[in-house]
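Report on one structure; see the data block that follows.
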Amino acid sequence: MSLHHRDMEEHGDGTPLCDQGVSAMPCPAGQSSDSLTDTLQESLSSVSKAIYFWGSLTATVLPGYFGQKMGIVNDFHHWNFITDNCVLGALPVVTKVGESGDHLVQLREQLKAKSQVLGLVVACMEEIEIRGFGISMIQFADEAAWRYYVNPLVEYVRLPMADTTADVSPKDVAQAVDCIHRCISKRRQAAYIHCKAGKGRSWMVTMCYLTTYGGMTFEDAEKLVAARRPQVNPSESQRNFAMKFATGEKRQRDPSQ
């Protein structure tokens, strides 16, 4: 299920270099200087995002993992149960790397021990992140992997937004929140809500669920999530989105507010 669902350097007379036949940066046949510049900008943006993705992943996940192994950090987990059926976590690593990774198998066994079935995954991140920006040495959990390793019938909701942002429509978040509610309350199954590190984007969506269907105020939900998953660290825009969403949902239910 999917919810979403230039400036080239100029010569002295003001004309683009490629239009004057300068060989230093020729325009490919049939491609204008504007489109070439747009392509270059998109490529640079993608490279920048990839560097940030892998850099921040290394900076947040690995220290917590090794800190736990060394006994320095005791409360770092790749995912945490916020309620009995609402799981907030990071993007699972399918690849087994030493004692790390292999997260879907671990989650499947943990749910089995709890006599639970995973009914829903909400991926609060861009698809290119899930693909590791084309770096295949580590495989992350995409829709196919969730169905192969955990539950072939699991519902998969994409809620793409860039890291550290809240760039998503309230309508799309509301639809995702409704999916979480149906999974947990109607089907009595578990829902896994994740972004890259399980600290910002997925925190925001989890908060929206708790304040809509969990019977909690924003403050109570915030305390609960922080207690269950101490490493959460939403950006200002994500926190503001969750606060406004909570207020908006309350007004829709009670017009007098």
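Hey, what did segment 79-253 get for relative contact order, percent, Cα under 8 Å, at least 6 apart? The partial results should precede the final answer.
Values: 294 pairs, mean separation 49.3, N = 175.
Once divided by the residue count of segment 79-253, the mean separation gives 28 percent.
If you restrict to DSSP beta bridges whose two residues both lie in segment 79-253, what percentage is antiparallel, to the nearest 5?
Details: 6 of 19 bridges.
Roughly 30 percent of the beta bridges in segment 79-253 run antiparallel, per DSSP.
In a shell of Cβ-Cβ distance under 13 Å around residue 142, excluding residue 142 itself, what net charge do Lys and Arg (+1) and Asp and Glu (-1) give?
Details: positive: 131, 147, 158; negative: 126, 127, 129, 143.
Surrounding charge for residue 142 is -1.
Quick check: pseudo-label points 7 Å beyond the Cα along Cα→Cβ at residue 116 and residue 187, how many nm apart are they?
According to this spin-label approximation, the distance is 1.5 nm.
Cross-chain or 8 or more residues apart, Cα under 24 Å: how many lysine pairs in segment 123-248 fit that? Count them up, please.
9
Order 197-205, 218-226 from most to least packed using the mean count of other Cβ atoms within 10 Å.
On the way: 197-205: 26.9, 218-226: 16.7.
By packing density, highest mean first, the sequence is 197-205, 218-226.
Stretched out fully, how many nm does the piece from residue 243 to residue 96 gain, at 0.36 nm a residue minus the Cα gap? Spell out each step's value before the answer.
Numbers: separation 147, 0.36 × 147 = 52.92 nm, distance 3.80 nm.
Fully extending the segment from residue 243 to residue 96 adds 49.1 nm.
What full-extension length gain, to one decimal in nm, is calculated for residue 139 and residue 127 as 0.36 nm per residue of separation minus the Cα-Cα distance?
Taking residue 139 through residue 127 to full extension adds about 3.0 nm, to one decimal.
Between residue 106 and residue 220, with labels modelled 7 Å along Cα→Cβ, what's the label distance in nm to one decimal, could you check?
Each label point is offset 7 Å from its Cα along the Cβ direction, giving 3.2 nm.
Can you tell me which of 171-182, 121-132 comes out highest on packing, and rank the rest after it, using the mean Cβ neighbours within 10 Å? Walk me through the numbers on the way to the answer.
Working: 171-182: 18.8, 121-132: 20.3.
Order by mean packing, descending: 121-132, 171-182.
Please give me the summed charge of the neighbours of residue 182: other residues whose Cβ is under 13 Å from its Cβ, Lys and Arg +1, Asp and Glu -1.
Values: positive: 186, 187, 188; negative: 155, 178.
Value of the local net charge: +1.
Provide 207, 161 in ascending order of the number of other Cβ atoms located within 10 Å of each residue's Cβ, fewest first.
Ordered by Cβ neighbours within 10 Å, fewest first: 161, 207.
No value in this document is a laboratory result; all are computed from the given coordinates. Everything numeric here is computed off the predicted structure, so don't read it as measured data. Every residue, glycine among them, receives a Cβ derived from its backbone with ideal geometry; neighbour counts consider all protein chains shown.
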